[in-house]
Amino acid sequence: MTRLFDQPDDFAADSAVGFVAASSRWVRPVSGGVVRSTRGADPTVAVVIGGGSGHYPAFAGLVGPGLAHGAVMGNLFASPSAHQVHAVATAAHEGRGVLLSYGNYAGDVLHFSRAQERLRAAGIDCRTVTVTDDISSAPASEHRNRRGIAGDLVVFKIAGGAAEEGMSLDDVERVAVLANERTRSLGVAFSGCTLPGAEEPLFTVPEGRMAVGLGIHGEPGIDEVDVPTATGLAELFVSSLLAEVPDGVDVAGARVVPILNGLGSVKYEELYVVYAAVDRLLSEAGLTVVSPEVGEFCTSFDMAGVSLTLLWLDEELERLWHVPCDTPAYRRGAVGGRIARDSVLLAPEDEVVIGPASEASRRAAATIGRALDDIAHMLHAQAEELGRLDRIAGDGDHGIGMQRGSRAASAAAATAIAAGAGARTALHRAGDAWADQGGGTSGAIWGEMLGALGAALGDDAVVDAAAVGGGIVRMKEAVMSYGKATVGDKTMIDAIVPFADRLRARLSAGDDLTVAWADAAETASVAARATATLTARLGRARSHGDRSLGTPDPGAISFALITHTVHHILEGDD
């Protein structure tokens, strides 16, 4: 378990402060993460990587010459917000475009994609390459739906080497895509990881057993077997990865880079015992091993686990793999000719401006503030149960993420309301804060929902029942467009849609807002509980098939709980 921390909620931020203090040779802090502290003689494409904290050296430990230009640092096991991604990418940009690269997780995709839209709108050419190396997370026919694990290092290193050589954004993107297409990984775990302050790990593995196909966020494996010998594990890794050779590769005489990655608490000596067998098995298969790596490259707190990654080289990829680099956690060769970076290039914090609002809208904002405060208290009380539901087939962090996000949203709204904000501004500030601090898919979606509701209510209009009903419909439409989920996917949408539709129907029939909301909230609860009969089709639970059957979706449950909390506020205002 994780033992050393002050306040659990501040762990990621405290760790980032210490990392920057210890790594000032390579990095400087910016809003949302870090960027290089030096630059080359000529500008290059900026490679910006990122994801949740808890995976060091991914992601901040890979920032430096020859590798990444910046890293966005989300909260523990939670994707960074679009605002954080935008801030780091803006600070890292050197005038030749930005390549965003990260593991293919729903929350990261939502936040990074939104940041990419903002960068392009500002005139910065921005591309994205997601890492999809984990063969256990989807079949080969759906390889674009796979998640990224230790193969992150491969794609980041190849892209960084291409940028260092002065390649154009088109070519940096091209070789990063090729590196991803030629990278395959498989991971196993002997025990789960425990977040700071948590009383139990995100998942457990019975004594003497090994989970196969685990995720790096505490997602359980897709299979469970007896713990093998080191040679037996190497045989599992090599046979599984050689069963899926990338298109265009002839195994006979192929050149591969093997990366044996420790996930947190497996000792280096153990890794070397496994690697001895990996090296022998690859050679016996007729492969030429090139520049192998053994160590920790993408971890999961204190998880006892190991993964093997194979990068199948061609001439260009091999050259780029060997481009010198110098970062806090990964170095190769010698890098020279660096110039200290001018601090004025670093992105400033966005200035908070509270615009004018009508008295009616300020009164509505006050009600919104009370609701958000009650929501934060309710989610704090429900965090453990929501986490338990999420651990069945996910990574177990839904309760923590909702707790952090709602608390930040409440505080941001309170600050805005105290400064005279109307409903729109209060909700926008709350949504941005929820997305920033909650992270993950739920953080992105709640940020989007609050923003859409705020846009519908405005800062100068009377907030009556019709306005609220219209705002909830816009909220529903926004999240369906943003998250791409539909009813039946076993997500929050399964509760949002029936709630919004029922509320609109009752209001159209002439019901009072409080009465209509109560009925819609009960409808949401029934729909949320009914997700127990569904098989997940999206998100991290998707790769676990029927494992979530019998358990309701935690996002749908948390949404239903929030609707009931808001109803209590509406009753008090009657």
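General observations
- Neighbours by Cβ (under 6 Å, 6+ apart or cross-chain): first from segment 464-485, within 17 Å of SER361 (Cβ to Cβ) and polar (S, T, N, Q); second modelled with pLDDT of 95 or more and crowded, with 22+ Cβ neighbours inside 10 Å: none
- Residue list for segment 292-320, restricted to those being among the small types (Gly, Ala, Ser) and surrounded by fewer than 22 Cβ atoms within 10 Å (Cβ to Cβ): GLY295, ALA304
- Of all the listed residues (ILE222, ILE259), the sole one being in contact (Cβ under 8 Å) with a residue 40 or more places away in the chain, of a type in the set (A, V, I, L, M, F, W, C) and farther than 27 Å from ALA329 by Cβ is ILE222.
- Summed over segment 352-365, the residues that are buried (at least 17 other Cβ atoms within 10 Å of the Cβ), more than 32 Å from the chain's Cα centre (by Cα) and not charged (D, E, K, R) give a count of 3.
- Hits in segment 229-245 (condition: surrounded by 17 or more Cβ atoms within 10 Å (Cβ to Cβ) and either modelled with pLDDT under 95 or among the β-branched types (Val, Ile, Thr) (or both)): VAL238
- Flag if SER442 is hydroxyl-bearing (Ser, Thr, Tyr), at pLDDT 95 or above and within 24 Å of the chain's Cα centre (by Cα): no
- Hits in segment 373-395 - residues which are modelled with pLDDT under 85 and either basic (Lys, Arg) or under 14 Å from SER410 (Cβ atoms) (or both): ARG391
- Some residue of segment 37-58 being within 12 Å of the chain's Cα centre (by Cα) and outside any strand (DSSP E or B): yes
- Number of positions in segment 227-260 that are in a helix (DSSP H, G or I) and not hydroxyl-bearing (Ser, Thr, Tyr): 10
- The set of residues in segment 170-206 that are assigned to a strand (DSSP E or B) and not hydroxyl-bearing (Ser, Thr, Tyr) comprises ARG184, LEU186, GLY187, VAL188, ALA189, PHE190.
- Restricting attention to segment 114-129, the residues being crowded, with 23+ Cβ neighbours inside 10 Å and touching a residue at least 40 places away in the same chain (Cβ under 8 Å) number 1.
- Residue match in segment 106-129 (condition: under 25 Å from GLY396 (Cα atoms) and outside any helix (DSSP H, G or I)): no
- Some residue of segment 187-200 being more than 25 Å from VAL256 (Cα to Cα) and of a type in the set (S, T, N, Q): yes
- Residue match in segment 136-154 (condition: under 24 Å from THR44 (Cα atoms) and in contact with a Gly (Cβ under 8 Å, 6 or more places away or on another chain)): yes
- The residues in segment 379-424 that are acidic (Asp, Glu) and outside any loop (DSSP other than H, G, I, E, B) can be counted, and the count is 3.
- Scan of segment 199-210 for residues that are without any contact (Cβ under 8 Å) to a residue 60 or more places away in the chain and either buried (at least 24 other Cβ atoms within 10 Å of the Cβ) or in contact with a Pro (Cβ under 7 Å, 6 or more places away or on another chain) (or both), ordered by number: MET210
- Exactly one residue among VAL225, VAL188 is touching a strand residue (DSSP E or B) at 6+ places or on another chain (Cβ under 9 Å) and closer than 18 Å to VAL294 by Cβ, and that residue is VAL188.
- Residues of segment 495-528 that are crowded, with 22+ Cβ neighbours inside 10 Å, within 25 Å of LEU389 (Cα to Cα) and small (Gly, Ala, Ser): ALA495, ALA500, ALA520, ALA521, ALA524, ALA527, ALA528.
- When GLU164 is tested against (1) surrounded by 18 or more Cβ atoms within 10 Å (Cβ to Cβ); (2) closer than 23 Å to LEU263 by Cα, only condition (2) is not met.
The values are calculated or read from the model by the stated rules, or taken from the named source; none is laboratory data. All of these numbers come straight from a predicted model, not from anything done at the bench. Virtual Cβ from ideal backbone geometry, glycine too; neighbours counted across all protein chains shown.
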